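Okay, so here's the structure we're looking at.
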2 protein chains.
Amino acid sequence: MDDVVDLLVVKVGGSLVSEKARRDHLDHDALAGYAAQIADLHAAAPGRVVLVVGGGSIGHGAVRHLDADDPLAPLPLTRATFDVKWSWVRALRDLGSRCFPVQVAAICVLGPRGPEVSFGTVRRLLDHGILPVLAGDSVLCADGALRVFGSDHVPAVAVRGTPGRTRVAVLTDVPGVLAGGPGSQEVIPEITPGSSAEAFRRIWPAAAHDTSGSMGGKLTALLDHARDGAECFVLRGDPTAPDLRFLLEGRGRWPDVPHTRIVADTTG
Amino acid sequence: MDDVVDLLVVKVGGSLVSEKARRDHLDHDALAGYAAQIADLHAAAPGRVVLVVGGGSIGHGAVRHLDADDPLAPLPLTRATFDVKWSWVRALRDLGSRCFPVQVAAICVLGPRGPEVSFGTVRRLLDHGILPVLAGDSVLCADGALRVFGSDHVPAVAVRGTPGRTRVAVLTDVPGVLAGGPGSQEVIPEITPGSSAEAFRRIWPAAAHDTSGSMGGKLTALLDHARDGAECFVLRGDPTAPDLRFLLEGRGRWPDVPHTRIVADTTG
């Protein structure tokens with residue numbers, strides 16, 4: 001293995017394990033397939049992998065109709081996404097994988113410059129070769145309100161919490177950021193903050209049932225992680241794929257997998 | 001109100017809302033009664049109250065039969081006690097109380113000198129007048145194993161996390177530490193580390209179904225909090241009592257309520 005990644009954050013999109021239009025739906029077969037890939041990655045690089053799981057319809061259902069007058073309205077999200085984390089932990093444990101679910105709202109608040117992270121517990125889990133399992137959450141802001149902190153933003157907990165070369169890989173239901181919008185097969189190979197305006201023009205508007213803002217929200221979050229120093233990828237997940245170990249390798253060694261890379265401008 | 005307490009940690013014992021011999025039992029009527037008392041306390045002193053809830057049979061059931069060969073065996077406790085916290089949050093929300101459940105395992109690890117706490121999120125919750133709801137948990141130790149960190153120990157999160165005069169009030173099913181053991185009505189009025197050996201001789205052995213070690217474990221934990229500077233009380237909970245506001249007052253103003261006080265030796 002090339003020594004190119006100190007920490008790999010894999011986010012498995014909710015759309016891969018849940019039909020968002022179905023209430024509290026979780027596809028346990030698909031989840032078991034991805035859990036096997038994550039368990040294998042974790043075995044290949046113990047202490048260097050963090051899992052972030054999308055809330056799918058369980059997460060979206062908890063925050064779809066929020067009372068705008070209640071600053072704590074997103075509260076049920078922390079319960080909903082704890083349940084989702086636990087489904088993953090159970091599947092990973094069944095595979096013999098050592099993992100632990102961490103409530104992001106307990107280790108992260110939102111300040112004027114974004115997430116402020118207490119990374120101590122996650123660091124200690126990693127140091128002992130235990131896979132931290134994170135998810136979106138209802139996170140406290142500086143004004144005392146809770147805000148929906150979607151799973152696309154959660155890699156910031158690792159990116160900001162630890163030094164070193166952090167890679168963020170987002171597995172989703174399309175092969176990358178699509179140049180022609182929905183239905184297109186052309187993937188934009190690379191996006192930087194400088195070229196992002198063009199990318200945003202091309203991508204499709206969020207579906208009404210997706211509180212994370214679909215690919216637009218995803219790209220916004222990944223650009224934030226890139227600005228924080230991470231190398232980010234969007235690629236299609238496949239629960240039957242044999243493994244994801246290439247995500248730990250230098251890109252020159254990857255198999256022929258379509259993807260979009262999101263990084264900060266090399267010129268700064 | 002006398003200004004004698006900067007932070008009040010109220011622990012509601014699992015025995016008050018759960019029959020430990022009944023699997024996954026929670027008495028929602030009793031819980032609603034205590035929730036009303038806590039909501040009232042929180043309204044009287046917003047930002048100065050922390051709630052710790054006992055796991056009752058749900059917590060005990062999660063860790064009763066642990067595989068001694070599996071360092072992560074206590075893992076299910078973090079799920080079980082999240083469920084218990086959520087039952088309290090729901091009851092408090094129904095009363096209009098602003099509260100938030102915090103996973104202790106996410107903000108606390110166990111080091112050679114006991115709990116090491118990241119108090120930032122709890123501090124910010126308090127600063128915004130939001131009641132933190134904590135519970136026992138499976139907490140990571142320095143050797144990479146998870147350990148059962150029972151709810152009697154959880155007040156350490158607040159005692160160690162914040163400066164100032166912290167009071168810990170443990171509501172349980174007896175009127176204090178009993179001088180004559182089980183069935184006795186004589187309460188030991190005050191226990192210090194120096195006088196604790198005599199108290200331990202008097203109290204009864206743990207019931208087999210109680211993983212927290214009954215009053216012996218409780219007293220050990222409270223002596224730790226006292227050594228950390230807290231003033232601790234054990235007293236009987238009553239879900240029909242009108243309020244608990246006396247817990248915020250100087251002891252000279254308390255009603256005639258039996259209790260045991262646990263403090264550090266004044267001589268050091």
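The values are calculated or read from the model by the stated rules, or taken from the named source; none is laboratory data. This structure is a prediction, so every number in the text was calculated from the model and none was measured. Cβ coordinates were reconstructed from backbone atoms using ideal geometry, including for glycine residues, and neighbour counts include every protein chain displayed.
Assorted remarks:
- Pick from segment A:181-206, criterion of a type outside the set (Gly, Ala, Ser), modelled with pLDDT under 90 and part of a helix (DSSP H, G or I), ranking: nearest to the chain's Cα centre (by Cα): A:Phe200
- Selection count where residues are under 23 Å from A:Ala91 (Cβ atoms) and either surrounded by fewer than 20 Cβ atoms within 10 Å (Cβ to Cβ) or not hydrophobic (A, V, I, L, M, F, W, C) (or both), scope segment A:121-148: 6
- Pairs with Cβ under 9 Å, 6+ apart, first in segment B:121-134 and on the phi > 0 side of the Ramachandran plot, second surrounded by 19 or more Cβ atoms within 10 Å (Cβ to Cβ): B:Gly129/B:His42; B:Gly129/B:Arg98
- Residues in segment A:15-38 include none that are part of a strand (DSSP E or B) and out of contact with any Phe, Trp or Tyr (no Cβ under 7 Å at 6 or more places or on another chain).
- Restricting B:Ser151, B:Ser87, B:Ser118 to those that are out of contact with any His (no Cβ under 6 Å at 6 or more places or on another chain) and crowded, with 24+ Cβ neighbours inside 10 Å reduces the list to B:Ser151.
- Output for segment B:119-171, where each listed residue is in a helix (DSSP H, G or I) and among the acidic types (Asp, Glu): B:Asp127
- Residue in segment A:67-80 that is of a type outside the set (D, E, K, R), more than 8 Å from chain B (Cβ to nearest Cβ), within 21 Å of A:Leu8 (Cβ to Cβ) and not in a loop (DSSP other than H, G, I, E, B) present: no
- The residue pairs whose first member lies in segment A:231-251 and is in contact (Cβ under 8 Å) with a residue 40 or more places away in the chain and more than 25 Å from A:Ala156 (Cβ to Cβ), whose second member is aromatic (Phe, Trp, Tyr) and part of a helix (DSSP H, G or I), and whose beta carbons are closer than 6 Å, counting only pairs six or more residues apart or on different chains, are A:Pro239/A:Tyr34.
- Condition met for A:Val234 (at pLDDT 95 or above, touching a His at 6+ places or on another chain (Cβ under 8 Å) and β-branched (Val, Ile, Thr)): yes
- Some residue of segment A:118-129 being within 21 Å of A:Leu222 (Cβ to Cβ), among the hydrophobic types (A, V, I, L, M, F, W, C) and facing another protein chain (nearest Cβ under 10 Å): yes
- Top-ranked residue in segment B:82-104 [being within 11 Å of another protein chain (Cβ to nearest Cβ), β-branched (Val, Ile, Thr) and part of a helix (DSSP H, G or I); ranked as nearest to B:Phe149 (Cα to Cα)]: B:Val104
- Residue within segment B:107-114 that is part of a helix (DSSP H, G or I), hydrophobic (A, V, I, L, M, F, W, C) and at the interface with chain A (Cβ under 7 Å from one of its Cβ atoms) present: yes
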